[in-house]
There are 2 protein chains.
Amino acid sequence: MTSKKVIEVFYDVVSPYSWLGFEVMCRYRHVWNIELKLRPAFLGGIMQGAGNKPPGLVPNKFMYMMKDLTRSSEYFGVPLQKPSDPFEAMFQKGTYEQHPRLRSLSAMRFVTAVQEREKGGDKQVEQVSRELWRRIWTEDKDITEPASLAEAAMKAGLSDSDIEEALKLYTSKEIKDKLKNATQDALNHGAFGFPMVVCHINGKPEMFFGSDRFELMAHCIGEKWLGPQPNKSAAKL
Amino acid sequence: MTSKKVIEVFYDVVSPYSWLGFEVMCRYRHVWNIELKLRPAFLGGIMQGAGNKPPGLVPNKFMYMMKDLTRSSEYFGVPLQKPSDPFEAMFQKGTYEQHPRLRSLSAMRFVTAVQEREKGGDKQVEQVSRELWRRIWTEDKDITEPASLAEAAMKAGLSDSDIEEALKLYTSKEIKDKLKNATQDALNHGAFGFPMVVCHINGKPEMFFGSDRFELMAHCIGEKWLGPQPNKSAAKL
């Protein structure tokens with residue numbers, strides 16, 4: 001019998017904040033008494049389904065996000081780099097689905113296919129997701145072509161035959177539907193962007209958006225959070 | 001000689017997230033080696049100056065904010081209650097400046113007048129701000145009439161003569177200009193909403209938006225942050 005609380009993390013590799021949230025949750029699953037479920041989904045479907053707009057249409061907000069991503073990248077040790085051009089397309093113009101570099105539908109179908117085939121764990125889906133993020137958000141490389149997906153899977157440690165099977169599978173109706181369903185699940189939980197974390201507490205889902213609510217999340221699932229430590233100079237007051 | 005880092009917190013009592021950020025910063029100033037500067041400013045001017053829209057126009061986002069405010073209120077021990085009607089006006093319709101209950105310009109001028117008159121500290125401005133938040137966000141009361149401002153100041157412990165002087169002062173050009181300048185300072189730092197915290201690190205300002213970046217802030221100012229504590233059940237894995 002297990003007392004582990006189930007936590008789902010919904011993400012899309014096109015989203016840099018998703019990468020931050022994903023990595024932090026992958027770390028905390030070794031610290032908290034939780035069972036983490038990776039839920040690859042499609043951000044384009046979320047934005048459309050929720051009627052949301054890209055966050056960077058307000059110039060001050062866009063500039064803040066650039067700064068916030070740089071600081072978070074350094075703090076959490078997630079190597080985010082500004083890609084050569086898709087940034088403005090994604091956050092400012094809201095045209096990221098039209099931008100060839102930012103069409104994540106194939107990539108998320110591929111991740112879904114890897115997940116569908118993986119037995120006894122989620123190491124492959126975790127690693128493949130990470131390698132896709134690394135391609136787009138660190139190395140400024142394509143994530144839309146089959147060769148790109150294969151390269152990410154190879155770096156993630158999948159065998160040639162595993163990669164071949166996943167490449168056969170990812171355009172099937174079964175996988176398309178699976179990704180659609182995951183995206184719909186996220187919308188049903190109230191998603192309006194990614195990452196979204198859903199903590200299941202006594203059968204009740206508690207949703208957290210973004211990569212900056214870990215303290216509240218700890219409180220919600222009954223884990224200890226120590227937070228700030230008294231500074232000796234301040235304590236003298 | 002002091003090594004204290006100067007941290008400014010820009011806020012408006014009309015904003016519930018400002019209340020959360022304000023209270024947490026007021027607590028951390030006793031934990032961190034910082035000098036906290038309270039910067040009452042006008043959110044209406046920020047939204048207009050930055051060209052920002054209210055955050056709750058997307059229905060899923062609005063519902064999430066309600067949930068997030070409830071959870072944060074409980075976790076941080078800040079008694080936010082949903083007011084009888086201004087909530088939708090503020091977050092969904094974006095008409096909060098037209099809503100009689102949400103016109104915070106007088107309140108923020110009054111806070112500015114209290115700050116202008118206060119010598120040797122900021123206890124009064126802190127308490128008056130808190131009592132104004134309590135009126136609107138806990139007790140569902142008016143914050144626009146002079147009598148309401150006087151009542152908040154009385155509860156904050158100001159003397160009758162202090163209140164009388166502040167009520168004479170808050171409609172003066174001097175105070176109007178001071179509030180305008182504080183709002184412009186916030187815009188110059190890149191504000192697009194409140195609360196906004198500016199940490200001055202070696203003469204360089206580092207801006208943080210919202211009430212959910214304390215962990216990054218600690219890192220930025222060189223304070224320790226302990227974060228999550230290993231759970232024994234998880235550690236067994």
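Every number here is computed from the coordinates shown, using simple stated rules; none is lab data. Small disclaimer: the values here were computed from a predicted structure and weren't measured. Note that each Cβ is placed from the backbone with ideal geometry, even for glycine, and that neighbours are counted across all protein chains shown.
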Condition first: in contact (Cβ under 8 Å) with a residue 40 or more places away in the chain, over 15 Å from A:Gly157 (Cα atoms) and either touching a helix residue (DSSP H, G or I) at 6+ places or on another chain (Cβ under 9 Å) or buried (at least 17 other Cβ atoms within 10 Å of the Cβ) (or both). Now tell me which residues in the stretch A:111-141 satisfy that. A:Thr112, A:Ala113, A:Glu116, A:Trp133, A:Ile136, A:Trp137, A:Asp140
If I filter the stretch B:38-80 down to residues being closer than 25 Å to B:Val125 by Cα and loosely packed, with under 15 Cβ neighbours inside 10 Å, which single residue comes out as nearest to the other protein chains (Cβ to nearest Cβ)? B:Glu74
Being within 19 Å of the chain's Cα centre (by Cα) and farther than 17 Å from B:Ser211 by Cα is the filter here; which residues of the stretch A:57-77 pass it? A:Met66, A:Thr70, A:Ser73, A:Glu74, A:Tyr75, A:Phe76, A:Gly77
Identify the residue in the stretch B:3-17 that is part of a loop (DSSP other than H, G, I, E, B) and within 14 Å of another protein chain (Cβ to nearest Cβ) and, among all such residues, is farthest from B:Arg109 (Cα to Cα). B:Ser3
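Give A:Lys178, A:Lys155 a once-over and let me know the one that is under 15 Å from A:Ala113 (Cα atoms) and touching a residue at least 24 places away in the same chain (Cβ under 8 Å). It would help to see each step written out before you state the result.
Numbers: A:Lys155 fails: under 15 Å from A:Ala113 (Cα atoms).
From the options A:Lys178, A:Lys155, the qualifying one is A:Lys178.
Right, A:Glu165: surrounded by 17 or more Cβ atoms within 10 Å (Cβ to Cβ), on the phi < 0 side of the Ramachandran plot and touching a helix residue (DSSP H, G or I) at 6+ places or on another chain (Cβ under 8 Å) or not? Full working, then the answer.
Working: surrounded by 17 or more Cβ atoms within 10 Å (Cβ to Cβ): no; on the phi < 0 side of the Ramachandran plot: yes; touching a helix residue (DSSP H, G or I) at 6+ places or on another chain (Cβ under 8 Å): yes.
So A:Glu165 fails the test.
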Considering only residues that are among the aliphatic types (A, V, I, L, M) and assigned to a helix (DSSP H, G or I), which ones fall in the stretch B:30-79? B:Leu43, B:Ile46, B:Met47, B:Ala50, B:Leu57, B:Met63, B:Met65, B:Met66, B:Leu69
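Which of the residues belonging to the stretch B:145-160 are crowded, with 16+ Cβ neighbours inside 10 Å and farther than 19 Å from B:Pro79 by Cβ?
Of all residues in the stretch B:145-160, those crowded, with 16+ Cβ neighbours inside 10 Å come to B:148-153, B:156, B:158.
Matches in the stretch B:145-160: B:Leu149, B:Ala150, B:Ala153, B:Leu158.
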Inside the stretch B:23-37, can you point out the residues that are out of contact with any helix residue (DSSP H, G or I) (no Cβ under 7 Å at 6 or more places or on another chain) and surrounded by 24 or more Cβ atoms within 10 Å (Cβ to Cβ)? none
